[in-house]
Amino acid sequence: MSSESNFDLPHLSDIFDRLRRGHHLCTDDGELFYALQEREHLFRDLFERLGFDLVRHDRDFYYFHGTGSLSKTARRMGVFVLILVEHLAETTEDIETQFMQGSFILAELPHLSKERYCSYMKEVGVTDDDDLINVARNLEQFGFADRNSDRIHFRTPAYRFFDLCFSALDQDDSAEPATTAV
Amino acid sequence: MGRYYCDSPVRMHVNPQSVLRFAADHYPLLREIYDQPEGFSPADLTSVIESHADENPPSPSYVVERIQELHLIEERPGETATYEMTPFVREFFEFLLRQHHLATPEVLKGYLNELEGQTSELDESVRVDDPARTQRAVQKLNAAIESIRKFSFGNYAGIVDQLLKLKSDREQYSVKERFEIIVDLWEHYLKPLEELVSVRKSTEVAFNRLDRHLQQAADIYQLDGRMHRELLSTRHRLTRMRRELASHYQSSYTELLPLYDTYRRQNRLYRGASRLLERLSRNGLNSLGLTEFFALPVHRNKGLLADSEIESYLHIVHDYTPTAPRPIAIPDGAPARGFLSVEEALDELSRSLPVKDVMSWCVERYNDRPPRELLKVFQAVIREPSFVRYFTRRGTYRCNGFLLEAPTVTVHARP
């Protein structure tokens, strides 16, 4: 144990409880986030000894990385966001700004109205508005978004979905021969 | 309708002042003609003239005749009774209105080839001392230099125009379309500008060569004032062009790079999302890797005591009064067993030297000791450096119920 380590960490119980349930902590979480940020090495030390891997993302948010399975929930959230990204690319000039700063009314999204998107959502078991609201609840539960009735607004941790997109492209590009420099 | 001069193969000379005066008096008309690059019929032209007529206007037929006389319009090739603004006039309007058309690298290559060709011509003309030939080479060099300068400015201004359009979003572009436009500008219009300014490129070599030849020619024609001035003027023109090329490139690069970076990221995001959705279509959900990407820690509480149990246990501990431990019982009369000190044994042996048989001496004194203690003493004697030892035949010795076998060791003190 490091010489500074102690168990007298502010909001330890709340922070641990949220993180172990898969929640992502960011600045929107106020005191919990700042307490974690100010004593990051102490928290990390403690969590490590309990067997948890605390990850700090470049975009300044925290989560536990593990080997547990989210399976259906992860798939639903992932496909939901991928469709939204593609939709924004075709209808706006700036995906990132619109995604992170805009808010979305679920009923107005194309996920269940555009045929191709409908088929993707069906793959993950989302077929009606109630299912869509459940996906929004999942996003809220894991700290990716804030939800107000049928409107969602993404939080910083949603950048993980962007990482997923870049990662997919890098994997495919590294498998293909280089063609252009862009 | 007035007579049309447009089909004349020879363009008659027009007075520039007359052209500019007409343009000033009829700017709205000319602007509307400019805004219709697809051309217009005579009837359309008449109606446009009438729509821009002020009080006491000249007759439409007069205006039509005049506009043709001044070569402001001409017939579109391959189309009858369709007219368009003359290219030179259109270019003038584009310059004034800052509406620039981007030129491809192929256009630039033509100018550079001409420049290099005329550089060789200049060199040759000076070598054979042909001033008239030198004069012609200088004029063509001036034209090539100004063409390159115009190309550079045109591309720089064209890039800025395109970027302004994108930023103002006058036309709705998606992320994909924006990125394609940006990449097109970068690859096809910015990179040629880079070719012109890069010190590693052949164009820089060509410019340096021309500069050298102009200076040499100017030195040779030192006594010919007019030729000398023209050569130096061309050299200054070349310097100005190179300076402006660098400035145009730098400005274009500065304008384009942030958007290139931004839209590159946006485009990668879009392509990544589309790629994953495509994968979902072709290979199913498992191919997305979402479960691994969003892996969570597995944490299950097992065997933990409830707080109330811990609390009640602590109370028990708190109220507990410890009792003194039971003493260890030692039976009466049990002999106290001390340790055989090896150092004391060695001291005693030293006082008894010489000793004929060390093991026999140990057995006599320590017969009540376990054999292992005797052997420790025996070993210490053998290793003691202050003794001189002699080893002879092996003997057997009885000790405390054990039979020991050891060499007979005689020990003397070391002199």
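The values are calculated or read from the model by the stated rules, or taken from the named source; none is laboratory data. Predicted model, so just to flag it, every value in this text is computed and none were measured. Here the Cβ positions follow ideal geometry from the backbone for every residue, glycine too, while neighbour counts run over all protein chains shown. Calculation scope for accessible area: heavy atoms of the full protein, side chains included, ligands and nucleic acids excluded. Shrake-Rupley method; radii C 1.70, N 1.55, O 1.52, S 1.80 Å.
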Practice task
Could you calculate the contour length gain from B:D44 to B:K356, that is, 0.36 nm times the residue separation minus the distance between their Cα atoms, to one decimal place in nm?
Solution key: 97.7 nm
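Let me know the mean shielding of A:93-103 by other chains, meaning the per-residue number of their Cβ atoms within 10 Å of its Cβ. It would help to have the intermediate numbers written out before the result.
On the way: counts 12, 5, 8, 5, 2, 1, 1, 0, 0, 0, 0.
The shielding value for this peptide is 3.
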Practice task
First obtain the Kirkwood hydrodynamic radius of the protein assembly as shown from its Cα pairs, then insert it into the Stokes-Einstein equation at 20 °C and 1.002 mPa s, and state the resulting D in µm² per second as a whole number.
Solution key: 61
Fill in the blank from the handout: Zone reached by a paramagnetic label modelled 7 Å from B:L223 Cα along Cα→Cβ, restricted to the stretch B:118-160 with backbone N below 20 Å, covers B:125-135
Problem - Those residues of the stretch B:359-376 whose amide nitrogen sits under 18 Å from the label point placed on B:F339, 7 Å along Cα→Cβ - result: B:369-376
Practice task
Collect residues whose amide H, placed 1.01 Å from N in the peptide plane, falls under 5 Å from the amide H of A:D53; neighbours closer than 5 in sequence don't count.
Solution key: A:H65
Practice task
Give the longest segment of chain B that steers clear of GluC sites (Glu not before Pro) in DSSP loops with at most 14 neighbouring Cβ atoms within 10 Å, not counting the sites themselves.
Solution key: B:172-415
Practice task
Multiply the residue separation of B:F88 and B:Y313 by 0.36 nm, subtract the distance between their alpha-carbon atoms, and state the gained length in nm to one decimal.
Solution key: 70.9 nm
Practice task
For the protein assembly as shown, report the accessible area per residue in Å² (1.4 Å probe, heavy atoms, rounded to an integer).
Solution key: 58
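What is the dipole size for the protein assembly as shown, taken about its Cα centre, with +1 at each Lys and Arg Cβ and -1 at each Asp and Glu Cβ, in debye to the nearest 20? Numbers along the way, then the final one.
Details: 74 positive and 94 negative charges, 677 e Å.
Approximately 3260 debye in magnitude.
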Problem - HN-Hα J in Hz across the stretch B:90-95 - Karplus 6.51, -1.76, 1.60, θ = phi - 60°, x for Gly and Pro - result: 4, 5, 4, 5, 4, 4
Fill in the blank from the handout: A chain fully extended from B:Y62 to B:R240 at 0.36 nm per residue, minus the present Cα-Cα distance, gains in nm 59.6 nm
Exercise for the section: For the protein assembly as shown, compute the number of Lys pairs whose alpha carbons are separated by less than 19 Å, excluding pairs fewer than 8 positions apart on the same chain. Expected result: 12
Practice task
Would you grab the residues whose amide H sits under 5 Å from the one on B:G395? Only those 5+ places off in sequence or on another chain, please, with H modelled 1.01 Å from N.
Solution key: B:A406, B:T408
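What average count of beta carbons from other chains do you get within 10 Å of the Cβ of residues in B:309-321? Please report the intermediate quantities before stating the final value.
Values: counts 0, 0, 0, 0, 0, 0, 0, 0, 0, 0, 0, 0, 0.
That average works out to 0.
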